[in-house]
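Enquirer: I am attaching a structure below and will ask some questions about it afterwards.
The values are calculated or read from the model by the stated rules, or taken from the named source; none is laboratory data. Since this is a predicted model, take the numbers as computed values, not measurements. Neighbour counts are summed over all protein chains in view; Cβ atoms, including those assigned to glycine, are modelled from backbone coordinates with ideal geometry. Each accessible area value is taken on the protein alone, full model and side chains, heavy atoms only, with ligands, DNA and RNA left out. Shrake-Rupley method; radii C 1.70, N 1.55, O 1.52, S 1.80 Å.
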Amino acid sequence: MELTTKQFVKDFKERYFNKYSNEYTTGTDEQLYYALGTLIRSYASKGWKNMRDNYIDNRRKQVYYFSIEFLPGKFLLKNAYNLGILETVKEGLKELDLDLDRIVEIEPEPAIGNGGLGRLASCYLDSGAALGLPVHGNGIRYKYGLFKQKFVDGHQVELPDNWLKDPYPWEIRNNVSAVTVRMGGNVWMREDGIGGLEPVYEDTLDILAVPYDNALIGYNEATTNNLRLWSAEVTPEDEGKLDKHSRLQIKEINENLYPDDTTYEGKRLRLKQEYFFVSAGVQSVIRQFKKYDLPRKQIPDKIAIQINDTHPALVIPELMRILLDEEKLSWERAWEITVNTVAYTNHTILSEAMETWEIGMFKELLPRMYQIIEEINRRHVQEQLPLYGRSLTYATQIIKDGQIHMAHLAIIGSHSTNGVASLHTEILKDDSLKQFYEMFPHRFNNKTNGITQRRFLHLCNPGLTELITKKIGNEWKTNPSELKIFKGQETNKQTLKELEKVKLANKKRLAKYVKEQQGLEINTDAIFDVMIKRLHAYKRQQLQLLHIIDRYLRIKVDGETDIQPRVFIFGAKAAPGYRFAKQVIKVINELANLINHDDEVNDKLQIVFIENYNVSKAEYIIPAAEISEQISLAGKEASGTGNMKMMLNGAITVGTMDGANVEIHDYVGEDNIYIFGMDREEVRDMNWSGGYNPREFYETNPRLQRAINALVDGTIPNVTHEGRDIYDAFLVHGDEYYCLKDFDSFVHVQEDVDKLYQNKTEWNRKSLLNIASAGPFSSDFAVARYATDIWNARPVHKAKKDQVVSFD
Ligand code: RUG
């Protein structure tokens, strides 16, 4: 949009005055933030309204991305940037003698997601809008986001994240679009008088779902979409009638985000959350479709619903319910519409993360959903049995062994199932979802994850953005595949020096932050070795722990002096009930305490554990990263996206052949990545032969033995049972994630990394090649592939010449 500094200054003063009846000079940071936020939002209002009208007037196909988690990060800078007014805002605030950085600091971050899955959803919404595609988000407005992590005596302590305590400038409560969601009670079918059946509900708990809409402004205002988050309230009819217990039942629905992204036990509240946002979302989607005034059979032509993992899989029976019970369609027609509308993304092969619900609980909470799922299952068996026989058909049932299997429902009730990296999709096809692949081969496809270069480069790393632009021009910003042109600079000594300078500045910025937060002075000449992700045994932070202990002992005990200095940086939250993960945090923190205070080692080795890792912290850490640790056991990490973000910012990956590391390896070339450890086939063979004997490795590798012993022999002060439990996981419980097996090759590639760092020109060259090879991992491409292959959706405007993907 066009906005002069003069106009902005005038608007800001007015907005502030109208809101607070006072001059802006009297404002607190919170007030200034609120005034600025609402002003920027108001600049987007017209575009938002126009786009809404445009979608309806032109009966455009709209895509709804249903996700139980989103991690959008802060909005202020992003929205100003996408509107094209960030520089004007900066200049204007300077004129007003206000500090933008301080104002940005105030903005709360909506931590309404756990990790990769939620962040991916937000990247996709950003890209959808940037590409001019009508892609909206549908989720829950959790009152409390993911816990705030604090370290107390090295232990993780979880504090509530009350991110909505002050008015949130980016959202609009939309009362007129509220809908009612029914749960519990009884349901029975009676004749509807026109030859069919209709459900009769008794004693249900009725919940008013109120949407809060957040504008998703596309880069260069390509379009403006909606992130709709639902809040649960008492219906007007029940106001004053409900008892305390029922009120509580409603209130708790959007109180807390479920703080775990990998293990889902049968939690009734979680199921309520899932049905709540699914039912509200599907009702609102159908309401939107009705504005098109088209026959219902055209629903799949005008609507696509992508379900982000199985948490929203109830979209399938809910859409069926609406089409059967409210729209009075036959089962066959309703089913065809449902399958053609819904598509499913799988994000994990970990069996413990595959959602199932105990039948009794499910039936009691969602009786009509249960009836519909039973019928879907019955018809599935009836149809497939003659084609595939008993064993295959029964294995794919939705209801079996007393459980409802959500992944089975998601595959059977949709037209597309995709994995999130090519290796992951292969594993789905030939292993974890093999039977389904046999039945529905045409439904399976791969959509490798992507990340938005706007948040994870343009905004968080302006120094690098400027350098790239100076060297190759502006076009890469809208077409990230153009980043490859930067490869032409790999032998340009001047560019490599400039790149080094940018990295150093980012390292210094992070060091300053660490100093302010933890009082620790970190060595900016050392390699910044970064591992940022949820804490989980399969991601193997414990392997990195062994590596650091080994380094420490080489300096402290062996007296090695010729060792490349490194700062090990961690950011990770552990699920509150995940004991092992919390123990790893405690041990890393105590090791940090030991090492950082030991003057014999701390010029060579330091550890920083950044508290409360979240999107904003990532934006600080990623530009400063030199090594990106992606060390999960091969076959376990579906994709990873931190690997892509760090590569884009010039970090060199140390990783296994897992998830998207495999594709990173292919794009950047084997000389520019450090791969170690077993590959997926080796892991599989090892598993098939019944695991291995980790003791053999422990007993024959003195370095490894010494590092493991340090967990229990008092080397690390204040560590007792925590060290013992990790020790036991390695040696008593079979080392499920093969850390001992991979240790040797891991420490050897780390030594190669150290050697490379001695040659800064060569290091910078590899770093540059990583940046230049990161273009294909832009979420713009990923979303374009979803749009073309799965959604059949097109952008609102004609493709411009320089546009990322031509949809024509
Ligand atoms: O663990 C996966 C990551 O590998 C992946 O990159 C991310 C986005 O696709 O999703 C993560 N994930 C998987 N988060 N939750 C789950 C299980 O529901």
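Enquirer: If you check every pair at least six apart or on different chains, which have Cβ atoms under 6 Å apart with a residue in region 1-16 that is closer than 18 Å to N220 by Cα first and a residue that is crowded, with 17+ Cβ neighbours inside 10 Å and among the hydrophobic types (A, V, I, L, M, F, W, C) second?
Expert: M1/L83; L3/I85
Enquirer: For G659, indicate whether it is surrounded by fewer than 21 Cβ atoms within 10 Å (Cβ to Cβ) and part of a loop (DSSP other than H, G, I, E, B).
Expert: No, not satisfied.
Enquirer: To continue, here is another question. Among the numbered conditions (1) within 14 Å of the ligand (Cβ to nearest atom); (2) surrounded by fewer than 24 Cβ atoms within 10 Å (Cβ to Cβ); (3) in a helix (DSSP H, G or I), tell me where R684 comes up short.
Expert: (1)
Enquirer: So which of Q283, Q288, Q298 is without any contact (Cβ under 8 Å) to a residue 12 or more places away in the chain and either under 24 Å from E375 (Cβ atoms) or open to solvent by 10 Å² or more (accessible area, probe 1.4 Å) (or both)?
Expert: Answer to the selection: Q298.
Enquirer: Now for a separate question. Take region 564-602 and flag every residue that is open to solvent by 30 Å² or more (accessible area, probe 1.4 Å), in a loop (DSSP other than H, G, I, E, B) and either within 20 Å of L159 (Cβ to Cβ) or of a type in the set (S, T, N, Q) (or both).
Expert: P576, G577, Y578, N602
Enquirer: Return the total of residues in region 350-404 being within 16 Å of the ligand (Cβ to nearest atom) and either of a type outside the set (A, V, I, L, M) or over 17 Å from I316 (Cβ atoms) (or both).
Expert: 7
Enquirer: Among the residues of region 316-349, which ones are within 16 Å of the ligand (Cβ to nearest atom) and open to solvent by less than 10 Å² (accessible area, probe 1.4 Å)? Spell out how you get there, then give the answer.
Expert: Restricting attention to region 316-349, the residues satisfying the condition of being within 16 Å of the ligand (Cβ to nearest atom) are 343-349.
Answer for region 316-349, where residues must be within 16 Å of the ligand (Cβ to nearest atom) and open to solvent by less than 10 Å² (accessible area, probe 1.4 Å): A343, Y344, T345, N346.
Enquirer: Restricting to region 756-791, and then to whatever is of a type in the set (F, W, Y) and out of contact with any Phe, Trp or Tyr (no Cβ under 9 Å at 6 or more places or on another chain), can you tell me which residue is most open to solvent (accessible area, probe 1.4 Å)?
Expert: So the first thing to find is which residues in region 756-791 are of a type in the set (F, W, Y), and the list is 757, 763, 777, 781, 786, 791.
Filter again for out of contact with any Phe, Trp or Tyr (no Cβ under 9 Å at 6 or more places or on another chain), leaving 781, 791.
On the way: F781: 33, W791: 4 Å².
Once the filter is applied, the top-ranked residue is F781.
Enquirer: Among the residues of region 699-729, write down those that are assigned to a helix (DSSP H, G or I), open to solvent by 20 Å² or more (accessible area, probe 1.4 Å) and not aliphatic (A, V, I, L, M).
Expert: The answer is E699, T700, P702, R703, Q705, R706, N709, H721, R724, D725, Y727, D728.
Enquirer: While we're looking at this one, here's another question. Scan region 503-537 residue by residue and report those that are crowded, with 16+ Cβ neighbours inside 10 Å, touching a residue at least 60 places away in the same chain (Cβ under 8 Å) and under 21 Å from K586 (Cβ atoms).
Expert: V514, Q518, L520, D529, V530, M531, I532, K533, R534, H536, A537
Enquirer: Quick check on region 80-106: of everything there that is touching an Asp or Glu at 6+ places or on another chain (Cβ under 8 Å) and not in a helix (DSSP H, G or I), which residue is nearest to I790 (Cα to Cα)?
Expert: Only one residue fits best here, namely L83.
Enquirer: Given the criteria more than 16 Å from the ligand (Cβ to nearest atom), of a type in the set (D, E) and not in a loop (DSSP other than H, G, I, E, B), does E109 qualify?
Expert: No; evaluated as a whole, the condition is false for this residue.
Enquirer: For V514, work out the one condition from (1) β-branched (V, I, T); (2) closer than 17 Å to I771 by Cβ; (3) in contact with a strand residue (DSSP E or B) (Cβ under 8 Å, 6 or more places away or on another chain) it doesn't fulfil.
Expert: In the conditions (1) β-branched (V, I, T); (2) closer than 17 Å to I771 by Cβ; (3) in contact with a strand residue (DSSP E or B) (Cβ under 8 Å, 6 or more places away or on another chain), V514 misses (2) alone.
Enquirer: State which residue pairs qualify: first residue without any contact (Cβ under 8 Å) to a residue 12 or more places away in the chain and inside region 110-134, second residue more than 9 Å from the ligand (Cβ to nearest atom) in any location, beta carbons under 6 Å apart, and separation of 6 or more residues or different chains.
Expert: From residues that are without any contact (Cβ under 8 Å) to a residue 12 or more places away in the chain, there are no pairs.
Enquirer: Now a separate question. Hey, can you tell me all the residues within region 621-652 that are away from the ligand (no atom under 15 Å from the Cβ), small (G, A, S) and either open to solvent by 10 Å² or more (accessible area, probe 1.4 Å) or touching a helix residue (DSSP H, G or I) at 6+ places or on another chain (Cβ under 6 Å) (or both)?
Expert: Within region 621-652, A624, A625, G650 qualify.
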